[in-house]
Structure formats: C-alpha cells, structure tokens
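A.B. asks: Provided herewith is a single structure, encoded as structure tokens, for subsequent inquiry.
The values are calculated or read from the model by the stated rules, or taken from the named source; none is laboratory data. Just so it is clear, the model here is predicted, and its values are computed rather than measured. A quick note on method: Cβ atoms are made from the backbone with ideal geometry, for glycine too, and the neighbour counts reach across all protein chains shown. Quick note on the areas: whole protein, heavy atoms, side chains included, nothing else; ligands and nucleic acids left out. Shrake-Rupley method; radii C 1.70, N 1.55, O 1.52, S 1.80 Å.
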Amino acid sequence: MDKMNLAHIIKKIAGEQNVMIDEPMKNHSSFKVGGAADILVTPTSAFQLSEILKLCKKENVPIFIIGNGSNLIVSDKGIRGVVIKIFDNFSGCKVENNTMSVYAGTLLSKVSNIALKNELTGLEFAAGIPGTLGGAIAMNAGAYGGEMKDVVVETECMDLNGEIKVLRGSEHEFGYRTSHILKNSYIVLKSVLHLKKGNKQEIKELMDDLNRRRKEKQPLEMPSAGSVFKRPEGHFAGKLIEDCNLKGYRIGGAQVSEKHCGFIVNTGNATASDIQSLIKHIQETVKSTYGIELQTEVRIIGEK
C-alpha cells in the first residue's frame, strides 16, 4: 500500500487533524534535528492505537513510537513508515489518596507538579526530567537518587500486535535505564504510581533545589537530548569525557557541552549526522584512553 492510501486509512481511524504526511522530525525532537517521517500520527485512545498497529502489521509497515522526543536522535534521511506520537492527545492524571493514575503522554514535570499540589512525596526527582511518563517508565528514568521503579506499581501497556497487557510490581523488571516494557517493545498506555503523604513546603523546596542544581550544571538553554551516555559501572560518563579533554569539542554544529560533558548540544545548525559522528568520536576516544565502552542512553532511529 502506498503512503497516501495508508495515510487516508489512518486518518479514518485517528481523525484527519491527528495525521501528518512528510512531517519534519526536527519539529518533534528536543535536539531539533531529523528528516521527514512518511506519516506521523497522534492517537487519542488505546482503541485508535490498537487499530493503527494492526493496520501497520497487516501492511508490513515499520512503526516507531515516540513521546515528546526528548531522548531521541532522528536521522537526516528521516523515517520510512509510521511514527506514532504518544503525547498531548494521550495525557491526563487522576489522584486518589496516595495513588496517581497517569496516561503515558503526560509530561513528567506536570505529573510532579500535580503530586506537589496534592501533598504527595516521592516524585521530586522527576520534576526536571523533560520526557513523558511513558518514556520515563519504559527506560526507568531517574535523577538525583530516584528512579521510576521507586513509585510505579502497575502499568497498562500494548504490544505491537495491538493487544493490551497489564504489568504489576516486579513484572516490570526494572533495571538501570531498562524494563520489561523496553525489552519487549511494549507501548505504555497508563500507569499507577504510589506515593506518600508529605509536607507541601518541604516537597516544593526539594523540587526547587533539584531544578536549581539542574540549571547550574546542565545546558538547558540549548537543544539537546539530555544525558547521551549511560553511566559506566564505577565511573561517570561526563567525567571520563572531560578527562579526555573533549569539553567543547565539536563536529559541525554538534558540540560536547562546556557546562556538562555528558551532554551533546546543537549549537544551531547541527545535523543528526554531526551528532552521531561526535558520539562515535567520544566513544572511540574514551575506549582508547580508558578501555571503557560508553553505551548510549539516547534512542537513534530513522533511515541510515
């Protein structure tokens, strides 16, 4: 089936306003790079998502799931197939006592602020993480000593066949920047978080302190995808990169941040190719200097 016919059917499922053809992915990535996706769709329900997945499987069309693109590098050639964006159209939150039920497309910063308003503690670490809840759970996002695994008790997901699964407790198989969800390419629909009653002022003070520390240490004023590399056991990626004298090193418009060497920033005109070349150079330099292989934390997708 050709692109236009496929887009026509997807529009019938998700609504014309929620489907874009030849959409530049730089508009959907915090790095502000990436070529066009054949079709980008923002479903508003689990039913729509399931129907789109079943259609793509039947037609043998590749699919790519993204949140708000804060942990993503899309290639300059773009994406052949269908990008499903779980974001604004798939968001919402309900609070009951110490429990929050949150849809996958809700920004983590928003979830943290709702927790604050309801005097619930346990999510302070997530206040400055730029991603959506779904992406954060899939990769067990964390910061300042906290991780999603500390608060997630149940997750409703969908597999790539469009079937719903429910994971509880240890079934999530959370690890360092991984989970059962990530390993099996499940799509988070919504999740239940269990928090504790706390003091509103103390929660706010901790959130403010963590956000202040982020601003001081991270290049939040420039396009990036956050921390590029996973933390190697017994080391810090940023320190290894800095000790290799790579602070400020650049290829094209991509640069190792002067503020935090664990970040690569787009100085204004970077391509995905610049960023990927810089990642490779960093990995090779750290390997040859220290014998340590840095693994990427960011997702790299698209046509090679």
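A.B. asks: Out of segment 55-80, which residues are within 25 Å of T106 (Cβ to Cβ) and over 18 Å from the mean Cα position of the chain (by Cα)?
C.D. replies: Correct list: C56 only.
A.B. asks: Let me ask you something else. Here is a check on your reading of the model: is K247 modelled with pLDDT of 95 or more, open to solvent by 50 Å² or more (accessible area, probe 1.4 Å), touching a Cys at 6+ places or on another chain (Cβ under 8 Å) and assigned to a loop (DSSP other than H, G, I, E, B)?
C.D. replies: yes
A.B. asks: Hey, can you tell me all the residues within segment 160-192 that are out of contact with any helix residue (DSSP H, G or I) (no Cβ under 6 Å at 6 or more places or on another chain), among the hydroxyl-bearing types (S, T, Y) and surrounded by 18 or more Cβ atoms within 10 Å (Cβ to Cβ)?
C.D. replies: Y186
A.B. asks: Within the set of pairs 6 or more residues apart or between chains, which connect a residue that is over 19 Å from A36 (Cα atoms) inside segment 259-273 to a residue that is among the basic types (K, R) with Cβ atoms less than 6 Å apart?
C.D. replies: The qualifying pairs are H260/K217; C261/K247.
A.B. asks: Another question about this same structure. Is it true that some residue in segment 255-275 is open to solvent by 50 Å² or more (accessible area, probe 1.4 Å), modelled with pLDDT of 95 or more and not in a loop (DSSP other than H, G, I, E, B)?
C.D. replies: yes
A.B. asks: Of everything in segment 1-54, what is without any contact (Cβ under 8 Å) to a residue 24 or more places away in the chain and charged (D, E, K, R)? Give them in sequence order.
C.D. replies: D2, K11, K12, E16, D22
A.B. asks: Continuing with this model, one more query. Could you give every pair whose Cβ atoms fall below 9 Å, whose first residue belongs to segment 211-227 and is closer than 24 Å to I73 by Cβ, and whose second residue is open to solvent by 100 Å² or more (accessible area, probe 1.4 Å) and assigned to a helix (DSSP H, G or I), counting only separations of at least 6 or pairs across chains?
C.D. replies: E221/K215
A.B. asks: Within segment 66-111, can you find the residues that are among the aromatic types (F, W, Y) and within 20 Å of E163 (Cβ to Cβ)?
C.D. replies: F90, Y103, listed by residue number.
A.B. asks: Looking at the structure I just gave you, is F90 among the aromatic types (F, W, Y), crowded, with 19+ Cβ neighbours inside 10 Å and closer than 29 Å to Q255 by Cα?
C.D. replies: Judged against the criteria, F90 is not a match.
A.B. asks: Look through G234, G238 and report the one residue that is modelled with pLDDT under 95 and either of a type outside the set (K, R) or part of a loop (DSSP other than H, G, I, E, B) (or both).
C.D. replies: Exactly one residue qualifies, and that residue is G234.
A.B. asks: Suppose we filter I9, I63, I21 for residues that are surrounded by fewer than 20 Cβ atoms within 10 Å (Cβ to Cβ) and more than 20 Å from G162 (Cβ to Cβ); which single one remains?
C.D. replies: I21
A.B. asks: Then there is this: For segment 99-157, enumerate the residues that are part of a helix (DSSP H, G or I), open to solvent by less than 10 Å² (accessible area, probe 1.4 Å) and of a type in the set (V, I, T).
C.D. replies: Answer for segment 99-157, where residues must be part of a helix (DSSP H, G or I), open to solvent by less than 10 Å² (accessible area, probe 1.4 Å) and of a type in the set (V, I, T): V111, I137.
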